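Structure, as structure tokens:
The values are calculated or read from the model by the stated rules, or taken from the named source; none is laboratory data. Nothing here was measured: the structure is a model prediction, and the numbers come from that model. Positions of Cβ are generated from backbone atoms using ideal geometry, with glycine treated the same way; all protein chains shown enter the neighbour counts. Just the protein is used for accessible areas: all its heavy atoms, side chains included, with ligands, DNA and RNA removed. Shrake-Rupley method; radii C 1.70, N 1.55, O 1.52, S 1.80 Å.
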Amino acid sequence: MKYLFILCLLLSTTAFSNTTIEEQVFVTGYTQKQFDTIKKKTELIIDHVFKSQFELYGPKGMTKYLDMIGVQYIKASAHKHIDNFNDYPDFSQITKALKELAKKYPKILSLTSVGKSQRGRELWVMKISDNVDADELEPEFKYISSMHGDEITGRELMVELIEYLAKNYNKDSRVTKLINSTEIYIMPSMNPDGSESRRRSNANYKDLNRDFPDWMRGDTNRTNSRQIETVSVMNWQKTRNFALSANFHGGAVVVNYPWDTTKTRHPFDRLVKSFSKQYADLNPAMRSSTEFSGGITNGADWYELNGGMQDWSYYWHNDLQVTVELSDRKWPRYSQIKGFWDDNKESLLKYMELIHQGHGIKLKNSNAVGTVKVLQHLTNGRTKDLGSYGFTNGEFYKVLETGNYTFVVNSAGVESRAEFMVDDRVAPKYIKL
Ligand SMILES: [Zn+2]
């Protein structure tokens, strides 16, 4: 009777937009049929699926439900990820470190906040570029880390990366070139409340990587009834022209590329796979992965995920994004961070440089809106239509495979064309129309 009640409760509380995380387990024994049954429960969140285990998050009653359907699990408190918390910097120390860096390198670093978390912590973003206070005609790149608060490795690597770039500006020619030709934005912590509490969810017990609009479930790109951290990122994205990005997680070691929400291939599947491969090839643990061939995976091929940031980013904003899982342990020993930095440094630099494998246009009117049709000229003389994309702020930039292209630009009833070649040189490439 009691179980029947719980079953009814779980069935009746179907919520597509997001899920409260009050219980979390590590499922260790299950059949494919049980997995499929769990997958149908939209209020339960599946993460990091491996051959014989996966993580499961959900509302109160979840573990009773698992007992009822007979799967084996261990409570997350007994989970291998949870150990050794205390030697990490806390939010105020991260804030202090970012402020000090911005003060020390004012010509190339600018620290702003794009909003506040549920508990009032700033969502810090460091912009890194030459003439950092100007909005120059350069492609816009971003890294976001730790939207899952207990996946901490990326936050530390982001602070490390900011410092590395700043220190090496005008010393190392590769770093200097990158900073001179790119507008880089880095958000080390999208979920500071979660990290302070050492947990996945935000302060409202919501999973931010299930909280973004998802076209497959019929959402529109609106901020209504979403978490404050999600809304802040959505509003920030609208003000920029990001063309390439990555977001960092932990609990596995792999580059996960879109789509997550459907097994249909991404329209730029070959491109995003190649970018993912270039990240993974420079990371020793990824390139030698025994779990994932070549250290990369298509998102939905691994496990389907709805309401994720990665798919939202490209679908609505033409901002190609991958999800990088940095460490098997979500919260490794702090002394290991240096090793993760060494393993990811080259990948992080390379992936930023990849934004230059693309092309842009700039209209005289900086308020112009319109569309760009992308035509690729193939070597056999044919032309391939790669789709149409909206733009705002008189500016459009798209990462592409190397080759020859035409942009057919429509704005205010006027059509213009830009013809160009895409290569991988690190330099801003725009045609002014
Ligand atoms: Zn995660």
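Hey, among the residues in region 335-367 that are open to solvent by 10 Å² or more (accessible area, probe 1.4 Å) and of a type in the set (Gly, Ala, Ser), which one's nearest to Ile296 (Cα to Cα)?
Selected residue: Gly339.
Do you know which residues across region 195-225 are of a type outside the set (Lys, Arg) and within 16 Å of the ligand (Cβ to nearest atom)? Even if it seems obvious, please write down each step before you answer.
First pass over region 195-225, keeping only residues of a type outside the set (Lys, Arg): 195-197, 201-205, 207-209, 211-216, 218-221, 223-225.
Within region 195-225, Ser195, Ser197, Ser201, Asn202, Tyr205, Asp207, Leu208, Asn209, Asp211, Phe212 qualify.
Has region 309-327 got at least one residue that is within 30 Å of Glu43 (Cβ to Cβ) and modelled with pLDDT under 95?
Looking for residues that are within 30 Å of Glu43 (Cβ to Cβ) and modelled with pLDDT under 95, one finds none in region 309-327, hence no.
How many residues does region 115-155 hold that are under 17 Å from His356 (Cα atoms), within 18 Å of the chain's Cα centre (by Cα) and not acidic (Asp, Glu)?
Residues meeting the conditions: 4.
Filter region 21-44 down to the residues that are part of a helix (DSSP H, G or I), within 19 Å of Gly308 (Cβ to Cβ) and open to solvent by 60 Å² or more (accessible area, probe 1.4 Å) and list them by number.
Hits for region 21-44 are Lys39, Lys40.
Pairs under 8 Å by beta carbon, first residue within 16 Å of Gly251 (Cα to Cα) and in a loop (DSSP other than H, G, I, E, B) in region 69-90, partner among the hydroxyl-bearing types (Ser, Thr, Tyr) and at pLDDT 55 or above, six or more apart or different chains?
Asn84/Tyr334
For region 280-294, give me each residue that is open to solvent by less than 10 Å² (accessible area, probe 1.4 Å) and out of contact with any strand residue (DSSP E or B) (no Cβ under 6 Å at 6 or more places or on another chain).
Scanning region 280-294 gives Asn283, Met286.
Among the residues of region 202-225, which ones are within 16 Å of Leu123 (Cβ to Cβ) and either of a type in the set (A, V, I, L, M, F, W, C) or touching a strand residue (DSSP E or B) at 6+ places or on another chain (Cβ under 9 Å) (or both)? Please lay out each step first, then the result.
Let us first name the residues in region 202-225 that are within 16 Å of Leu123 (Cβ to Cβ), namely 202-204, 206, 208-209, 211-212, 223.
Scanning region 202-225 gives Ala203, Asn204, Lys206, Leu208, Asn209, Phe212.
Report every pair of residues separated by at least 6 positions or lying on different chains whose Cβ atoms are under 6 Å apart, first residue within region 396-412 and among the charged types (D, E, K, R), second modelled with pLDDT of 95 or more.
Listed by first residue and then by second, the contacts come to Lys398/Gly358; Glu401/Leu271.
Tally up the residues in region 177-231 that are at negative phi, hydroxyl-bearing (Ser, Thr, Tyr) and open to solvent by 10 Å² or more (accessible area, probe 1.4 Å), please. Show your work before the answer.
Here is the first cut: in region 177-231, the ones at negative phi are 177-197, 199-204, 206-217, 219-224, 226-231.
Within this subset, residues satisfying the condition of being hydroxyl-bearing (Ser, Thr, Tyr) are 181-182, 185, 189, 195, 197, 201, 220, 223, 230.
Within this subset, residues satisfying the condition of being open to solvent by 10 Å² or more (accessible area, probe 1.4 Å) are 185, 189, 197, 220, 223.
Total meeting the criteria: 5.
Which of the residues belonging to region 112-158 are part of a strand (DSSP E or B), open to solvent by 10 Å² or more (accessible area, probe 1.4 Å) and small (Gly, Ala, Ser)?
Once the filter is applied, which keeps residues that are part of a strand (DSSP E or B), open to solvent by 10 Å² or more (accessible area, probe 1.4 Å) and small (Gly, Ala, Ser), region 112-158 yields Ser113, Gly115.
Please determine whether any residue of region 239-256 is open to solvent by 10 Å² or more (accessible area, probe 1.4 Å), free of Cβ contacts under 8 Å to residues at least 12 places away in the same chain and out of contact with any His (no Cβ under 6 Å at 6 or more places or on another chain).
yes
Considering (1) within 14 Å of Tyr397 (Cβ to Cβ); (2) among the hydrophobic types (A, V, I, L, M, F, W, C); (3) touching a strand residue (DSSP E or B) at 6+ places or on another chain (Cβ under 6 Å), say which one Leu354 fails and leave the rest.
Every listed condition holds for Leu354 apart from (3).
Within region 390-397, can one find any residue that is in contact with a His (Cβ under 8 Å, 6 or more places away or on another chain) and open to solvent by less than 30 Å² (accessible area, probe 1.4 Å)?
The answer is yes; a qualifying residue exists.
Considering only region 316-324, I want to know if a residue exists there that is on the phi < 0 side of the Ramachandran plot, in contact (Cβ under 8 Å) with a residue 24 or more places away in the chain, buried (at least 20 other Cβ atoms within 10 Å of the Cβ) and assigned to a helix (DSSP H, G or I).
Looking through region 316-324, at least one residue is on the phi < 0 side of the Ramachandran plot, in contact (Cβ under 8 Å) with a residue 24 or more places away in the chain, buried (at least 20 other Cβ atoms within 10 Å of the Cβ) and assigned to a helix (DSSP H, G or I).
Of all residues in region 295-304 being within 16 Å of the ligand (Cβ to nearest atom) and crowded, with 22+ Cβ neighbours inside 10 Å, which is farthest from Thr262 (Cα to Cα)?
Thr297
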